[in-house]
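Please read the structure below before turning to the comments.
The values are calculated or read from the model by the stated rules, or taken from the named source; none is laboratory data. What you are looking at is a predicted structure, and each value in this text was computed from that prediction instead of being measured. Virtual Cβ from ideal backbone geometry, glycine too; neighbours counted across all protein chains shown. The accessibility values were calculated without ligands, DNA or RNA, using every heavy atom of the protein model including side chains. Shrake-Rupley method; radii C 1.70, N 1.55, O 1.52, S 1.80 Å.
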Amino acid sequence: MNEVKVKRKSPWRLVAGAVMALSAAAIVGQGVLASLNATAFNTVAENVNSGDLKLSLANNGVGFSQNINNLAPGDVVNRYVTLKNDGSLDGINLSLKTTATGTPTLLSDAVNGSTNQALRLTVSSCTVAWDPTTGTCTGGTITQEIAASTLSTLSNATNLSSSSMSSGAFKYLKMSLQLPDQNETTINGTLPSNTVQGGTVAITYTFDFAQRVATTTNS
Amino acid sequence: MKRLVMVLLLVISMQTPSIAGGRSTWSSSKSVTTGNWSVIAVGVNQAPANAPYTITWSVNTGIAYNFFTLRNNGSFSVSGLLLNVTQVQLGGSGKPNNTTFELCQAGVWNTSTNTCSGTRVTIGTATDSNSSIIFSGLNLSSGAELSIRASTPPNIKNSYTTTLSVDVSRNQIRPGVVVNS
């Protein structure tokens, strides 16, 4: 019995042949099928700049450069700082958050149930720079930005009452820290329980604002 | 070098503006401390302690003396204090003697010569088992002391204790002040 061998052509040979045929047609056809194109463009490149948001803080007088020591009940220490929107974008929702650690009785009234024991911070602004030695706002208008609040309360960011700052704007702030007046008696050198005496608190003040609301402009 | 880098990083992190996600923040850290008011009675040659001061008397004849100081152990000047005196008879059915307290103003009692280098001022006498002596008009600065002599009446034989407890209240330091700086 004779064996018949059928020799099959490789499919790759067919594909290669097709590609070669198409390439040849494209090269030949270019000279024959050229089309017209037109292009327009701006001769001067359009520049697109993104704005920036910068909040800076400067001490006015001592400001935040020095610690506060040996407070007595009833003492009020006013420190002055100036915020500036140093960015090109307007800012909104200016807020203050304090991160405070240390003697619990100075952080929160809840320690001994008193309603007026812990340190309190009040923030006020003046439309012109404060005089840090006299605490006066000569020729300006004073606004209470944040009412007297304990440091534990201010651990949540709290918006200032006038919380917008346009680009380049200043905000002149008085940071007023008070230890409320209160009675304590020390007997034989032993401080009372839950005392405010001999306490220490480390406070970090964080000011924060956000960029203005994004806009759509047609022009 | 590592330490220097760590310190620098710490300083930078203490006071830095930052910008992230359309927000800008500025942080600054400072500490606040409160003072304290405290006066303790300290016997001569005794170590200061936050505890009452007890004198044990054993009088046979003459006048017995005891010397101590009232030391401002706090951070504020003190304008006054309350000295609570408790006297307890040691044995027998009698009662404690009267005890007189004398301040050596602007000076110190010399325990050897029993003399005051300043002006001797009688500040009070404990006549009962419980008495209180009020000091006022003081200007006792932090760390300063008042030199006191306690004495018994002459020639009353008796044994008893006198315990002194010192109270200082908030209104015996300066009032609150407003500081702008």
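Overall, the accessible surface of the range B:54-172 at a probe of 1.4 angstrom is composed of carbon and sulfur to the extent of 46 percent. Report A:Ile92's accessible area, 1.4 Å probe, all protein chains in place, as a number in Å² to the nearest 10. Probe radius 1.4 Å; accessible area of A:Ile92 about 40 Å². Scalar couplings 3J(HN,Hα) for the range A:185-199, obtained by applying the Karplus form with A = 6.51, B = -1.76, C = 1.60 to θ = phi - 60°, are 10, 9, 10, 6, x, 8, 6, x, 5, 6, 6, 9, 7, x, x Hz; x denotes Gly and Pro. Short-range pairs are left out: with C-alpha atoms under 8 Å and at least six residues apart, the relative contact order of chain A is 27 percent. With kT/(6 pi eta Rh) evaluated at 25 °C and eta = 0.890 mPa s, and Rh the Kirkwood radius from Cα pairs, the range A:94-219 diffuses with a coefficient of 145 µm²/s according to Stokes-Einstein. Modelled spin-label separation between A:Thr190 and A:Leu36, with each label point placed 7 Å from Cα along the Cα-to-Cβ direction: 10.7 nm. Based on protein heavy atoms only, the range B:54-172 ends up with 46 Å² per residue of surface accessible to a 1.4 Å probe.
Taking every protein chain into account, the accessible area of chain A amounts to 59 square angstrom per residue (probe 1.4 Å). Here the calculated FRET efficiency for A:Lys97 and A:Thr43, from their Cβ-Cβ distance with R0 = 60 Å, stands at 0.75, rounded to the nearest 0.05.
What fraction, in whole percent, of alpha-carbon pairs in chain A exceed 20 Å separation? I get 72 percent for the Cα pairs in chain A exceeding 20 Å. Excluding ligands, DNA and RNA and using a 1.4 Å probe, chains B and A jointly bury around 4100 Å² of accessible surface, summed across both partners. Angle check, please: helix A:11-30 long axis (alpha carbons) against the longest principal axis of chain A (alpha carbons), in degrees 0 to 90, nearest 10. Result, in degrees: 90. Ellipsoid fit via the Cα gyration tensor, the protein assembly as shown: semi-axes of 83, 30, 17 Å, each the root of five times an eigenvalue, largest first.
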